[in-house]
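Everything on this sheet refers to the single structure shown next.
None of the figures in this text is laboratory data; all of them are computed from the coordinates on show. Please read these numbers as outputs of a predicted model, since none were measured by experiment. When we count neighbours, we look across all protein chains shown, and the Cβ atoms used for this are built from the backbone with ideal geometry, even at glycine.
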């Protein structure tokens, strides 16, 4: 889809990212990443094994986050690295493609976690973080242009997968699995245009934001009816009477 590819600034490498953060300070405690190569149509042609890192946050993890992610302070103390090292490891993982890579997240909360982590770490590699923020793409926002729930809200990652008849692979809120499943969702979105068209039509029928005559034209067309210029004029005449 050309509309999607415009977000990537001509980049041929995408890095699917998921950041997990503390409950209150939203400081990074872990991340998952999957680097892929795409062709000119945006299809994935090569995938690198996923990367997962624990990050030693300076603030408490929080019970809610512990229960949600299964990540505890003990995990961070045993297996975690500093935020600075974690970002350098991400750069190393992406290799020579780091500066020419688009970083895809599901929603914008990941960027908030990145910013909060910078603020709590005086030795944060701001140059590396700037590259990520400059090339960041909120893939949930792209999906929501075409597919929303009955209340006009974006779906969760799991429910977007379900729209494309996919089940979540692995444990939810594990950053590695979240990144991998975001990649799977991207693959499905780029290939299954029939599903996108069907969901987009449903969304247009459910939610009307145009003047009434235009909404009626759209509804008639989606119902398979033919609408002539004369019909449109009559809709307008009836509306302004």
Worksheet item: Okay, helix-only estimate at 222 nm for the chain: each DSSP H run of n ≥ 4 adds -39500 (n - 2.57), divide by all residues, round to 500 deg cm²/dmol; what do you get?
Response: -14500 deg cm²/dmol
Worksheet item: Quick one: length gained pulling residue 40 to residue 218 fully straight, 0.36 nm per residue minus the C-alpha distance?
Response: 60.8 nm
Worksheet item: What is the antiparallel percent of DSSP beta bridges lying wholly in the chain, to the nearest 5?
Response: 65
Worksheet item: Once the Cα atoms of helix 175-191 and of the chain are each reduced to a long axis, what angle between those two axes, in degrees from 0 to 90 to the nearest 10, is obtained?
Response: 30
Worksheet item: Counting other C-beta atoms within 10 Å, which of 18, 110 has the fewest, and how do the rest follow?
Response: 110, 18
Response to the item:
The helix 83-94 Cα axis meets the longest alpha-carbon principal axis of the chain at an angle in degrees, between 0 and 90 and rounded to 10, of 60
Response to the item:
Rounded to 0.05, the calculated FRET efficiency for the beta carbons of residue 58 and residue 99 at R₀ = 22 Å is 0.20
Practice prompt. Give me the compactness ratio for segment 146-197, meaning the Cα radius of gyration over 2.2 N^0.38 Å.
Written response: 1.12
Worksheet item: What percent does the relative contact order of the chain come to when contacts are Cα pairs within less than 8 Å and at least six residues apart?
Response: 21
Item to complete: Quote to one decimal, in nm, the extra length available between residue 126 and residue 201 on full extension: 0.36 nm per residue of separation minus the C-alpha distance between them.
Response: 22.7 nm
Worksheet item: What is the order of 230, 171, fewest Cβ neighbours within 10 Å to most?
Response: 230, 171
Worksheet item: Roughly what angle does helix 193-206 make with the longest principal axis of the chain, taking Cα atoms, 0 to 90 degrees, to the nearest 10?
Response: 60
Practice prompt. Just rank 73, 216, fewest to most, by other beta-carbon atoms within 10 angstrom.
Written response: 73, 216
Response to the item:
Nearest-0.05 FRET efficiency for residue 153 and residue 81 at R0 = 35 Å, using Cβ-Cβ distance, is 0.45
Worksheet item: Given [x] 24, 23, 18; [y] 41, 20, 16; [z] 26, 22, 21, which label gives semi-axes √(5λ) of the Cα gyration tensor in Å as computed from the coordinates?
Response: [y]
Worksheet item: residue 115 to residue 67: FRET efficiency via 1/(1 + (r/R0)^6), r the Cβ-Cβ distance, R0 30 Å, to the nearest 0.05?
Response: 0.75
Worksheet item: What is the gain in length, in nm to one decimal, between residue 91 and residue 162 on full extension, counting 0.36 nm per residue of separation less the C-alpha to C-alpha distance?
Response: 22.3 nm
